[in-house]
Amino acid sequence: MRAAIKLHLVHLTASLLGVLVFSLPAVGYPYRTSFEAPGFNLGAIEGQDGWTGIGQIQDASPSLVNRGTQSLEISQTSTVSRSFVNGPSSGKVYIDGFYRGPTISTLPSASSLGEGSSILVFHDTQGIVALNGDGVGGGTWVSSGIPVSTSGLQRITICQDYSSKTWELYIDQVLAPGGPFGFKDNSITQFNGIDIETSDSGKGYLDDFSATNAVPEFFDNALFDFSLEWDHETGMNETPLDWDLAPVDDQVDGRDLLELLNRVLGQ
Ligand SMILES: [Ca+2]
């Protein structure tokens, strides 16, 4: 079993990864939690609801809670993990959570990292950076251009497609450019876990985490078929719409719908 997602990965050897993953109990997919009582108690995260690693459930920093009174704190220079069984081996998986963590100053070599599918890191000058994997253990880093928050949590949404072995990254509900990205290792055939690793520059915080095949609610504005309107507009040789988000599979951002409606209404 191999971890499929890694957030804020600094250094993770294959052997360390194996120890972590194989020590985990089997827990099911889909999964959703806000790290609240009664499922979670203040104190060490190890063993709580299938999570393992070095961190704790905290309520001392309310600004680092998205909902409720508690969130997961990952200790400095530590890893917290959770594995899943019954993760799909085809189609899409949405991994969603509110996160803030310490940054790194040097991008690691992809080939030096353990096996994974979607990997992103938090860099002090390049912001949130995704790995566009080559499927055979390597890849190139692609900056989202979005800085790492120094105050509140940022919503990180990873949309994985296990059919095409690709993934996309949304930060605070906005699609990061440069995707879809490739998996680092195409040998990972199904979603089976997440690793969150912090650097030596501070602690990480996670709240309202989910791994499901349900489309996050903020996708709702973008998941209607726009093809007829798109064809009509472009077919009339009019000025192209100023897309806020490039159309993907004929699906567009709600802001673009508003622009089209204004166009139709002559405003
Ligand atoms: Ca919470």
Checklist entry - Of everything in the range 110-128 that's of a type in the set (Ser, Thr, Tyr) and buried (at least 18 other Cβ atoms within 10 Å of the Cβ), which residue is nearest to the chain's Cα centre (by Cα)? => result SER118
Item to check | Odd one out for ASN132 among (1) within 22 Å of ALA211 (Cβ to Cβ); (2) under 20 Å from the mean Cα position of the chain (by Cα); (3) modelled with pLDDT under 95 | outcome: (3)
Checklist outcome for this item: Scanning the range 89-120 residue by residue, the ones that are closer than 16 Å to ASN213 by Cβ and of a type in the set (Lys, Arg) total 1
Checklist entry - Of the residues that sit in the range 171-218 and are of a type in the set (Gly, Ala, Ser) and in contact with a Gly (Cβ under 6 Å, 6 or more places away or on another chain), which one is nearest to GLN126 (Cα to Cα)? => result GLY204
Next on the checklist: Looking at the range 33-52 only, could you name the residues that are over 21 Å from the mean Cα position of the chain (by Cα), at positive phi and within 16 Å of the ligand (Cβ to nearest atom)?
Outcome noted: GLY43
Checklist entry - With respect to the numbered conditions (1) buried (at least 18 other Cβ atoms within 10 Å of the Cβ); (2) under 21 Å from GLY202 (Cβ atoms), which one is the sole condition not fulfilled by SER149? => result (1)
Checklist outcome for this item: Counting only strands (runs of 3 or more DSSP E) wholly inside the range 53-109, the ones holding at least 1 residues that are within 17 Å of the chain's Cα centre (by Cα) and within 16 Å of the ligand (Cβ to nearest atom) are 71-74, 79-83, 92-100
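Kindly evaluate LEU113 against the criterion of being of a type in the set (A, V, I, L, M, F, W, C), away from the ligand (no atom under 16 Å from the Cβ), in the same structural domain as PHE181 (by TED's automatic domain parsing) and on the phi < 0 side of the Ramachandran plot.
Details: of a type in the set (A, V, I, L, M, F, W, C): yes; away from the ligand (no atom under 16 Å from the Cβ): yes; in the same structural domain as PHE181 (by TED's automatic domain parsing): yes; on the phi < 0 side of the Ramachandran plot: yes.
Yes.
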Next on the checklist: Please return the ranges of strands (runs of 3 or more DSSP E) entirely within the range 112-221 where 2 or more residues are of a type in the set (Gly, Ala, Ser).
Outcome noted: 127-133, 139-143, 204-212
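The values are calculated or read from the model by the stated rules, or taken from the named source; none is laboratory data. Computed from a predicted structure; not experimentally measured. Here the Cβ is made from the backbone with ideal geometry for all residues, glycine too, and neighbour counts use every protein chain on show.
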